[in-house]
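Some notes on the structure that comes next.
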Amino acid sequence: MNNKPISVVPLKVLVIEDESIIAEMVKVMLEDFGHQVIGVAHNLSKAEEYISNGKFNFAVLDINLEGGMEGIKLGEQIAARDIPYIFLTSYADKQTVQEAKLSRPGAYVIKPFNEEDLFSAVEISTMHSQQQVKSDDQKINIKDGYKTQMVNLDDILYLKADNIHVEYHTKQRVVLSRQSLIKSIENSPSDRFIRIHKSYAINKSFITSYGAKFVRLGPISYSYKDSFRAAISS
């Protein structure tokens, strides 16, 4: 029976490690997890060449490349491309950890490590990366006078056109923006809001039922229900 862990999401991985034996071990482990290793770099110049080509979506890199801390600088370059990565290192001293944290790696694996250590680090790192992307995708920027407010899409119940403004009615507050209802919908994910009236668009995530002349949202207050019922019937 094969008890090796298998990743649900296959990755294209770049391995940066100056010790050939460790690099080969990491490569074999990653391939056993179901990932594709697109390249192995043993020095700084080769690592920068791979990073420049950008044909990977995950990286495993040694902090202490060529005897220095070049791995941290490489991590910063990878992070600038919004690619998740983890660090490998033989050092767990406070200074090294603090410097490594500044580049925000997904995980920090201490040598020597085993298959389970590497698998867990990769999975946790990719999970955090996906959650961040999801979180970013769920927010929109709303111009409110001289300031821009970030609002979570899951908090917006509906949009209401009011003359030259649009009211974003959220669970906690109302945000006013000087733009048309059509423009507001265009600036939001195309599948999120449904226009049901010349002055209203609703967040379809809150629809619980609908009929020929009504749409019911929940959770939503009774005062909102009354105004929607009147708008849809008119």
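Between the beta carbons of His165 and Ile124, assuming R0 = 41 Å, the FRET efficiency works out to 0.40 to the nearest 0.05.
The stretch between Lys147 and Ile207 holds 18.5 nm of extra length on full extension. This uses 0.36 nm per residue minus the Cα-Cα distance. Fully extending the segment from Leu176 to Asp154 would add 6.2 nm, taking 0.36 nm per residue of separation and subtracting the current Cα-Cα distance.
Computed over the alpha-carbon pairs of the stretch 12-136, the distance histogram in 10 Å steps reads 13, 51, 33, 3 percent, short to long.
Taking 7 Å steps out from each Cα toward its Cβ at Tyr91 and Lys55 produces label points 3.3 nm apart. Other residues with beta-carbon under 12 Å from the beta-carbon of Ile22 carry, at +1 per Lys or Arg and -1 per Asp or Glu, a net charge of -3.
Where a number appears in this text, it was derived from the coordinates with a stated rule and is not lab data. Bear in mind the structure is a predicted one, so any value in this text is a computation, not a measurement. Please note: Cβ atoms are built from the backbone with ideal geometry, for glycine as well, and neighbour counts cover all protein chains shown.
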